[in-house]
Amino acid sequence: MLRLLGGFEISQALYAVARTGLADLLLSGPRPVKDLAEAAGVRSDLLRRLARTLAAEDVFTLDEAEDTVGLGPLGATLATGTPESVRNVALMWMETHYLPFAELTQTLRDGIPSADRVLGQPFFDWLGQDPAKVATFSAAMADLLRTLRQDALASLDLAGVGSVVDVGGADGTTLAELAERHPDLRGTVFDLPHVVAAATELLRARGVADRVTAVGGDFFASVPGPADSYLACFILHDWPDERATRILENVRAAAAPGARLFLVETVLGEGTQPQIANLMDLTMMGMLGGRERTRDHWQTLLATAGFRLDRIRPTKGPMCVIEATLQP
């Protein structure tokens, strides 16, 4: 219990590693504590103590005889650009989520997301006022989806699909990857204008700008169409049922007859890492008022908006691919 209660200290220690770039400085191998401290701009005596604590968490290795620090099994995940990097998640969570969670007790009493109370407005409204925070959030979502979805994109059955709209597609990373996998696929990245602004350059850099475009808008008002498929990765869990239904109804209104819908989400009680789904559910409670859902809950939500749940494909990680079809 003491380890659980002290988790906030470990979270901040990990954030300090990410923010100071310590993991990046160790990618080429262990370094003397003094040398590493100078490179990171921190005090060597305090770095040694931090490294000792995080060595117990498999983030660092600490050779006290040689006074050197190296990366442990988890260390590279806090470096920039490594295959399993969640550095941007560490930055985003500690800079946007940490303080609101101090008010979780009141959320349990009145149902108002902690973020609304601490930030003075809904989280996404607050986020959109600062381009730097938007960039950090988009980068974190790219890290999180890459890490959590694992083989989810490979599991998408796009047979017969010619066009796809990625609803809430942020900087276009997901749709760019799908376009690379499927050379005949055409698509649209759709998100708020200040969010999707980064997608144009990314799509160009990935060589798919001739087939994938970026469109700004509000998915509570409408979505682009008609398309024969729609994709939403880790979007509907952000919202309570009535708002998630509104998004799905707007998809229904825009979609071509018989359009297919693909959701990449957790499904409570399914998947290989249920603790991640439970953690995400707590995150939704504190930050947005959304939730993770069971199979039956997803089926009801989809049916309310005019979609038939076809199947749920588990992946190797905590995410599932939920496939549905627009009903006549």
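Taking the 1.4 Å solvent-accessible surface of the chain as the whole, the part contributed by carbon and sulfur is 55%. From the alpha carbon centroid of the range 33-74 to that of the range 122-136 is 33 Å.
With R₀ fixed at 22 Å, the C-beta to C-beta distance from Asn278 to Leu99 puts the FRET efficiency at about 0.50. Distance from the alpha carbon centroid of the range 280-328 to that of the range 212-231 works out to 19 angstrom. Full extension of the chain segment joining Ala205 with Asp157 gains 14.7 nm, where the gain is 0.36 nm per residue of separation less the Cα-Cα distance. Residues of the range 132-176 with backbone nitrogen within less than 18 Å of a virtual label 7 Å along the Cα-to-Cβ line of Trp126, please, listed as ranges. Zone members listed by number: 132-138, 140-141. Shape analysis of the range 145-235 based on the Cα gyration tensor places the equivalent ellipsoid semi-axes at 18, 14, 14 Å, largest first.
Available extension along the chain between Arg308 and Ile112 is 67.4 nm, counting 0.36 nm per residue and deducting the alpha carbon span.
The phi-based Karplus calculation (6.51 cos²θ - 1.76 cosθ + 1.60; θ = phi - 60°) puts the 3J(HN,Hα) values of the range 120-126 at x, 6, x, 3, 5, 5, 5 Hz, whole numbers, x for Gly and Pro.
Computed from backbone phi, the HN-Hα couplings of the range 188-194 come to 9, 8, 10, 6, 4, x, 6 Hz, rounded to whole numbers (Karplus: 6.51 cos²θ - 1.76 cosθ + 1.60, θ = phi - 60°; Gly and Pro given as x). Length available on full extension from Asp218 to Ala39: 0.36 nm per residue minus the Cα-Cα distance, which gives 60.0 nm. Amide H contacts of Thr61 (H built 1.01 Å from N, in plane; Pro and chain starts excluded): Gly70, Leu71, Gly72 sit under 5 Å, all sequence-distant by 5 or more or on other chains. For Cys320, the amide hydrogen comes within under 5 Å of the amide hydrogens of Glu265, Thr266, Val267, counting only partners 5 or more places away or on other chains and with H modelled in the peptide plane. Neighbours of Ala39 by Cβ distance under 11 Å: Lys/Arg scored +1, Asp/Glu scored -1, total -1. The spacing between the range 159-188 and the range 82-113, judged by their C-alpha centroids, is 29 Å. Quick one: in the range 1-116, what % of C-alpha pairs are over 25 Å apart? Every Cα pair in the range 1-116 considered, those over 25 Å come to 29 percent. Per residue, the range 28-85 exposes 56 Å² of solvent-accessible protein surface, assessed with a 1.4 angstrom probe and all protein chains in place. Two numbers describe the Cα atoms of the chain: Rg and Dmax, which are 21.2, 72 Å. Amide H contacts of Asp310: Glu323, Ala324, Thr325, each under 5 Å away and 5 or more positions distant or on a separate chain (H built 1.01 Å from N in the peptide plane; Pro and chain starts excluded). Applied to the range 161-172, the Karplus parametrisation 6.51 cos²θ - 1.76 cosθ + 1.60 on θ = phi - 60° returns per-residue 3J(HN,Hα) values of 8, x, 9, 9, 10, 8, 7, x, x, 6, 8, x Hz, with x for Gly and Pro.
The values are calculated or read from the model by the stated rules, or taken from the named source; none is laboratory data. Keep in mind that what you see is a predicted model, and the values were worked out from it rather than measured. Positions of Cβ are generated from backbone atoms using ideal geometry, with glycine treated the same way; all protein chains shown enter the neighbour counts. We work out accessible area using only protein heavy atoms, side chains counted, and drop any ligands, DNA or RNA first. Shrake-Rupley method; radii C 1.70, N 1.55, O 1.52, S 1.80 Å.
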